[in-house]
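Peer 1: Below: one structure in structure tokens.
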Amino acid sequence: MRIRHTAAVIAVAGLALSACSSSSTDAKPKTSTTATSKVTQKQKDDALAAAGIPKEPTGAKRAQLLRALAAANPDTVKYEDKAVDAARNQCSALNDTGVNRIDWLASQRFTYKDVTTTEAQGKQINQALKGLGFCKV
């Protein structure tokens with residue numbers, strides 16, 4: 001047993017020493033010779049739409065979405081921004097026909113901080129999102 005402890009201490013000490021050593025080439029910052037291009041908002045929107053995620057709703061559409069989510073589980077709208085993000089992300093699952101356990105997935109997406117959503121409530125949320133036509137991109 002003493003041999004195992006000694007071997008472990010030696011191994012840890014060796015790792016610690018190797019982590020402390022560096023060569024002069026490691027200290028130089030690495031620069032890229034290629035220029036990075038900026039992604040336009042249209043490109044971002046197109047990528048989200050391709051993933052089945054709608055644009056973030058504003059005004060009356062946001063209020064309508066929050067009311068529909070609250071009808072399924074009043075606690076989900078306790079954190080409005082989280083609820084809207086969860087709804088948008090849930091659309092990616094609803095728009096993908098290959099996703100299994102969609103109601104369970106909604107229950108997971110709408111469970112955060114001190115908010116718990118059941119699978120039955122997840123089913124209601126999915127029905128609300130479909131009923132609103134929110135997930136159509």
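Peer 1: Rounded to the nearest percent, how much of the accessible area of the range 38-129 (1.4 Å probe, protein heavy atoms only) is carbon and sulfur?
Peer 2: 50 percent
Peer 1: Turning to a different aspect of this structure: Working from the pairwise distances between different alpha carbons, so that the mean of 1/r is found and then inverted, what is the range 54-127's Kirkwood radius in Å?
Peer 2: One decimal place: 12.1 Å for the Kirkwood radius.
The values are calculated or read from the model by the stated rules, or taken from the named source; none is laboratory data. Since this is a predicted model, take the numbers as computed values, not measurements. These accessible areas exclude ligands, DNA and RNA; they are computed on the full protein's heavy atoms, side chains included. Shrake-Rupley method; radii C 1.70, N 1.55, O 1.52, S 1.80 Å.
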